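Some notes on the structure that comes next.
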Amino acid sequence: MRSTQLSRVCSLLALACIAIAAAPAQKSSLPPPVNFTAEQDQQNMMQQLGIQVLRPGPSGNESAPNHANYDESKANPWPNIPDALTLSDGQKVTTPATWWDQRRPQIVHDFEEYVYGFVPPHVPRVRWAVQATDHENIGGHPVLAKKLIGRVDNSSYPLISVNIRMTLVTPADAKGPVPVLIMFGPSSFPAPNEPSPDEMDRINAAEKALLVKQDPSLAQVFEQHQAWEPERLPPFEFPHFNEDGDPPSTWELIAAGWGFATLDPASVQADNGAGLTRGIIGLVNHGQPRTPDQWGALRAWAWGASRGLDYLQTDPAVDGKHVGIEGVSRFGKAALVTMAFDRRFAMVLVGSSGKGGATLLRRNFGEAVESLTGGEYYWMAGNFMKYGAGKATFGSMNASDIPVDSNELIALCAPRLTFISYGMPSKGDAKWLDQQGSFMATVAASPVWTLLGAPGLSFSNTDYHTAQMPPVNDGLLGGKLAWRQDDGGHTDWPNMKYFIQWVDKFIGYGAPQS
Ligand code: GCU
């Protein structure tokens, strides 16, 4: 009897060994991911495109000889930008139907083909799972926090795994589903519910007992240092308030009866060119470099946010019709791209997004198209690099050759709630970001809201050529397209309370009175 059991165990073990041995054999039949540096990857794309030389981007250092232009009189070398409401055959768009059926698809296509890249067909499915749930407290409000993981099916190429990290936090006392803002950034439990002092005592007693079991001489050490405990709770930290006296944005959202979800862009796609043969872009390409019309990191991050929204629309705590997206800087660009391409998002807060985001590609002020085709090339489609080409089989191209501009990217968000936010250069929201160029793009996008029957930007000068941004803290919040430059730095934090109130007004949502 015993020996039969033993032999069964042995044969099971043998089977397991065969299975373990077979797994790497199966994996090794697949070519491993290409290991390029960012420079090698960029060179590879230049070869695919027939580019020999890229024009260098300007320096951000104002005392460098090749520094960026900050002279307004030289900022508009191509003063006329493509019109969102003119079809590619030159006809004017005068009805919503023409916008939805013809013009919008043209603009979407051009941004995909030439700027941000296409999401390849058949991107594998994402399966969401709740990993842990925690009852927490945010700014005095009880919340429910869920740590989620979105596993991308990698059965076609198991050498790359992509697991999207998202944490959803909703007010525990909500009377019904709440609006939720997805925020691009690191994702973890915001205020982990720590063990009580009694529980800590029990944990420490158990740990000490285990240590003594391992090494009985430690009993004497513990005896001599009775105040020492193996585990300690992190010390209490006062929350940071900004110069306007605002608590953290997440506190403001919860206090207003909203939820928020932090989504980690790095868990979707790395923020560097060397990572393009990995992450979701690499997984779809089975570890090979991109082709010129495929997505760059901005579109991949936006895709990740859309998958986050897929989950949120299934969670009963969330009002799936009122989910927004937020990000600052490169993630401000990603937030705008997310909103532009995925019409299920109801609102966006675009923080300090600059070139590749809200500011005009045709402007020559601060960061240039050549910056986006240089060190930042991986944010964009390979095809975008053509506009920085100094010497290529097709000659040379520049910003004026791009078939679209950022006013049209903003226009793709119409008639939904779109808030373009900046801070002040003197506080660190660099001139490099070209706040004025972003304002011009916002003004130029506004007629699309009007065409669709929604209030656009509440600003009297409708000519983007001459429209000057309003003073700092003078928000244009009357329409569904909003602008506000706050008195903070490279952050959208001081604008968060204005954003929440502005959205609440339009969606008819009020903070629960508690
Ligand atoms: C650089 C870059 C910008 C970007 C910013 C950031 O300044 O040129 O395009 O927005 O970094 O993301 O921090």
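The values are calculated or read from the model by the stated rules, or taken from the named source; none is laboratory data. As the structure is a computational prediction, the values presented were derived from the model and not from experiment. Note: ideal-geometry Cβ built from the backbone for every residue, glycine included; neighbour counts use all protein chains shown. Protein only, heavy atoms only, side chains kept; ligands, DNA and RNA dropped before computing areas. Shrake-Rupley method; radii C 1.70, N 1.55, O 1.52, S 1.80 Å.
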Treating the Cα atoms of region 342-429 as identical point scatterers in vacuum, please give the log10 of the normalised Debye intensity I(q)/I(0) at q = 0.10 Å⁻¹, two decimals.
-0.31
Mind checking the full-extension length gain between Arg343 and Lys431? Use 0.36 nm per residue of separation minus the Cα-Cα distance, one decimal, nm.
28.6 nm
Residue-averaged 222 nm ellipticity for the chain, from DSSP H runs of 4+ at -39500 (n - 2.57), nearest 500
-9000 deg cm²/dmol
Among the DSSP beta bridges whose two residues both lie in region 147-296, what percent are antiparallel, rounded to the nearest 5?
65 percent
Where does the charge balance sit around Gln288 when Lys and Arg score +1, Asp and Glu -1, over other residues with C-beta under 14 Å from its C-beta?
+1
Can you list residues whose amide H is under 5 Å from Val143's amide H, if they're 5+ apart or on another chain and H is modeled 1.01 Å from N?
Glu136, Asn137, Ile138, Ala172
Within the under-12-Å Cβ sphere about Ala84, not counting Ala84, Lys/Arg +1 and Asp/Glu -1 give a net charge of -1
Go through Ser458, Ser29, Ser306 and list them by solvent-accessible area, largest first, probe radius 1.4 Å.
Ser29, Ser458, Ser306
For region 82-104 and region 430-484, distance of Cα centres in Å:
20 Å
Once the piece of chain linking Leu233 and Gln52 is laid out straight, how much longer is it, given 0.36 nm per residue of separation minus the C-alpha distance between them?
59.4 nm
Given contacts defined as C-alpha pairs under 8 Å and at least six residues apart, what's the relative contact order of the chain, whole-number percent?
19 percent
Cα axis of helix 197-214 to longest principal axis of the chain: angle in degrees, 0 to 90, nearest 10?
60 degrees
Please enumerate, by chain and number, the aspartates and glutamates with C-alpha under 19 Å from the C-alpha of Lys208, excluding those fewer than 8 residues away in the same chain.
Asp198, Glu199, Glu223, Glu229, Glu231
Regression test value, accessible area per residue of the chain, probe 1.4 Å, units Å², expected 45 Å²
Over what distance in Å are the Cα centres of region 340-416 and region 114-138 separated?
24 Å
In whole Å, what is the distance between the alpha-carbon centres of region 169-201 and region 260-324?
23 Å
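When only the heavy atoms of the protein chains count and the probe is 1.4 Å, how do Thr359, Thr250, Thr95 rank by accessible area, highest first?
Greatest to least solvent exposure: Thr95, Thr250, Thr359.
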Over all directions, what mean area does the Cα convex hull of the chain project, stated in square nanometres?
33.3 nm²
In terms of modelled amide H atoms, which long-range or inter-chain residues lie less than 5 Å from the amide H of Tyr422?
Ser352, Arg484, Gln485, Asp486
What does the charge count near Asp264 come to, summing +1 for each Lys or Arg and -1 for each Asp or Glu among other residues with Cβ under 13 Å from its Cβ?
+2
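Rank these residues by their accessible area, most exposed first, probe 1.4 Å: Lys321, Lys146. Intermediate results must be reported in sequence, preceding the final value.
Details: Lys321 165, Lys146 40 Å².
Accessible-area ranking of Lys321, Lys146, largest first: Lys321, Lys146.
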Considering only Cα-Cα distances, which of the following residue pairs are longer than 25 Å: Lys333/Lys497; Lys175/Lys497; Lys74/Lys497?
Lys74/Lys497
Between Phe394 and Asp89, what is the FRET efficiency for a Förster distance of 30 Å, r being their Cβ-Cβ separation, to the nearest 0.05?
0.80
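Quick one: with all protein chains in place, what share of the accessible area of the chain is carbon or sulfur, to the nearest percent (1.4 Å probe)? Write down the numbers at each step before the final one.
On the way: 12950 of 23230 Å².
Answer for the chain: carbon and sulfur cover 56 percent of the accessible area.
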Could you name the aspartates and glutamates whose alpha carbon sits less than 13 Å from that of Lys92, not counting residues in the same chain fewer than 8 places away?
Asp83
Residue-ordered couplings for region 386-403, obtained by feeding phi - 60° into the Karplus form 6.51 cos²θ - 1.76 cosθ + 1.60 and rounding to whole Hz (Gly and Pro as x), are 4, 7, x, 6, x, 9, 7, 4, 9, x, 9, 9, 9, 4, 5, 8, 6, x
Student exercise, the chain dipole from Lys, Arg, Asp, Glu Cβ charges, in Debye to nearest 20:
1680 debye
Inter-site label distance for Asp153 and Arg125 at 7 Å from Cα along Cβ, in nm
0.5 nm
Taking placed amide H atoms and a strict 5 Å upper bound, the residues 5 or more places from Ile325 or on another chain that come that close are Ile182, Met347, Val348, Leu349
So, taking all protein chains as they sit and a 1.4 Å probe, how much accessible area belongs to Trp251, in Å² rounded to tens?
80 Å²
Give me the distance in nm between label points sitting 7 Å out from Cα along the Cα-to-Cβ direction at Lys213 and Val108, one decimal.
6.1 nm
Please say if region 97-235 is rounded, prolate or oblate, where rounded means a/c under 1.5 for a ≥ b ≥ c the square roots of the C-alpha gyration tensor eigenvalues, and otherwise the choice is prolate for a/b larger than b/c and oblate otherwise?
prolate
Restricting the count to DSSP beta bridges whose residues both fall in the chain, what percent are antiparallel, rounded to a multiple of 5?
55 percent
When all protein chains stay in place, what accessible area (Å², nearest 10, 1.4 Å probe) is found for Lys92?
130 Å²
